[in-house]
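Asker: One structure follows; several queries about it will come next.
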Amino acid sequence: MTRPASTHAAVEAVWRIESARLIAGLARFVGDVGLAEELAQDALVAALEQWPAGGVPANPGGWLMSTARHRAIDQLRRRQNYQRKLAEVGRMLEHQPSGDRDPDDYLPDDLLRLVFIACHPVLRTEGRVALTLRLLGGLSTAEIARAFLVPEPTVGQRISRAKRTLREQDVAFELPPPADLPARLASVLEVVYLVFNEGYSATAGADWTRPELCADALRLARLLAGLLPDQPEVHGLLALLEIQASRLPARTGPDGAPVLLPDQDRRRWDRLLVRRGLAALDRVRTLGGDFGPYALQAAIAAVHARAVTADETDWRRIAALYRVLVEVSPSPVAELNRAVAVGRADGPAAGLAIADALRAEPALARYPHLPAVRGDLLARLGRTEEARIEFTRAATLTANARERELFLARAQRPLPEW
């Protein structure tokens, strides 16, 4: 018999693996994502109560699905459409007499439907992020709160509000029609991208990176690539995240302090992730068509990944790719990144001209990396006092403690890092 402590660990592991598929399959039956999650949670509670005594079943995913489906029948009895829905669920159960049978009888489209529902554009961004991590990432409300450094009740409210909005808007549990797919897919990719970025460069808190969030986003990106194998931008996003994630071991020092790209020990980059990222980028090329914004960013990341040392980086190639990126997907942040690349390819004066033009951009008014980039370019031009002012301003704008320390150190010694 399995010991209770190890059984609880097994339940948690099964939940993290199976929860998304479980909720997706239940949502198809009951037509309500919120109810589907409640049923799945009920099955989880039942497992925590029963498995320590009876042991972990041979097919734990099948046990959870069967338990949740039987609870769904009880819920459906209270609905007006009881007869029709009960017949549907009953037919399903007739073909699955044992909870030990492989539960993988859900359609892959069920999981894809859940992806599009969790990231539906009727939801606010923070609601989409929280609901996606809850339904697809298997994270608890407390885990999401810790990851984003917000109070647990706030995350709970975001999730509840998102479910209520889906219900009030009568959002159907179905795939978007072909005409709506590009916009809906963009919403999905944005959520995964936002989750990864918060882990890669935390906007607030004591740590510069939160690798757990990066891992969650990477799992979601791999899931999407499996569900949508013919969508180039899905593979573009996956390529970007794989390559960026490869640098995480080298982005911080032993004391957690930030290590900037030129100073990183590239031997610590995860070469397996690099290879996976480059393979995903090759998949984008195989599928054909123009590169989208994520594929273009992945192509930029690939240039860095292929450079054995920082000095060997092909900055002209990167600057050219950024020029295409700002045309395909105009963004002041992308333009600022282009300033960095141009500053390396054509000299700091050329980069500073681009950065200076962004000083009037409202979206960057409180963005700490604008003065940080200007500070670096000014330092390289020998304008150290101006550089010191810019780094000090960057330090006042960031909410991340590690980043603040970095900017203040540069203000004290505003010499070029590159």
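Any read-out appearing in this document is the output of simple, stated calculations on the displayed coordinates, not a laboratory observation. Not measured: the values here are computed from a predicted model. Cβ placement follows ideal geometry from the backbone for every residue including glycine, while neighbour counts extend to all protein chains displayed.
Asker: Taking the criterion of being in contact with an Asp or Glu (Cβ under 6 Å, 6 or more places away or on another chain), surrounded by 15 or more Cβ atoms within 10 Å (Cβ to Cβ) and hydroxyl-bearing (Ser, Thr, Tyr), would at least one residue in segment 319-332 satisfy it?
Answerer: no
Asker: Please identify the pairs in which a residue from segment 194-218 that is over 18 Å from Arg404 (Cβ atoms) has its Cβ atom under 8 Å from the Cβ atom of a residue that is β-branched (Val, Ile, Thr) and assigned to a loop (DSSP other than H, G, I, E, B), counting only partners at least 6 apart or on another chain.
Answerer: Pairs found: Gly199/Thr209.
Asker: Continuing with this model, one more query. Which of the residues spanning segment 285-310 are free of Cβ contacts under 8 Å to residues at least 24 places away in the same chain, among the hydrophobic types (A, V, I, L, M, F, W, C) and farther than 20 Å from Val340 by Cα?
Answerer: Selection gives nothing.
Asker: If you don't mind, another one. Is it fair to say Ala345 is surrounded by fewer than 23 Cβ atoms within 10 Å (Cβ to Cβ) and either charged (D, E, K, R) or farther than 18 Å from Leu260 by Cβ (or both)?
Answerer: Taking the combined requirement at face value, the residue satisfies it.
Asker: Looking at (1) over 16 Å from the mean Cα position of the chain (by Cα); (2) part of a helix (DSSP H, G or I); (3) not aliphatic (A, V, I, L, M), which is the one condition that is false for Arg219?
Answerer: Only one criterion is unmet by Arg219, namely (1).
Asker: Just one of Phe196, Phe173 is buried (at least 17 other Cβ atoms within 10 Å of the Cβ) and either over 22 Å from the mean Cα position of the chain (by Cα) or among the acidic types (Asp, Glu) (or both); which is it?
Answerer: None of the other options fit; the residue is Phe173.
Asker: So which of Asp282, Asp263 ends up being of a type in the set (Asp, Glu), in contact (Cβ under 8 Å) with a residue 24 or more places away in the chain and surrounded by fewer than 18 Cβ atoms within 10 Å (Cβ to Cβ)?
Answerer: Asp263
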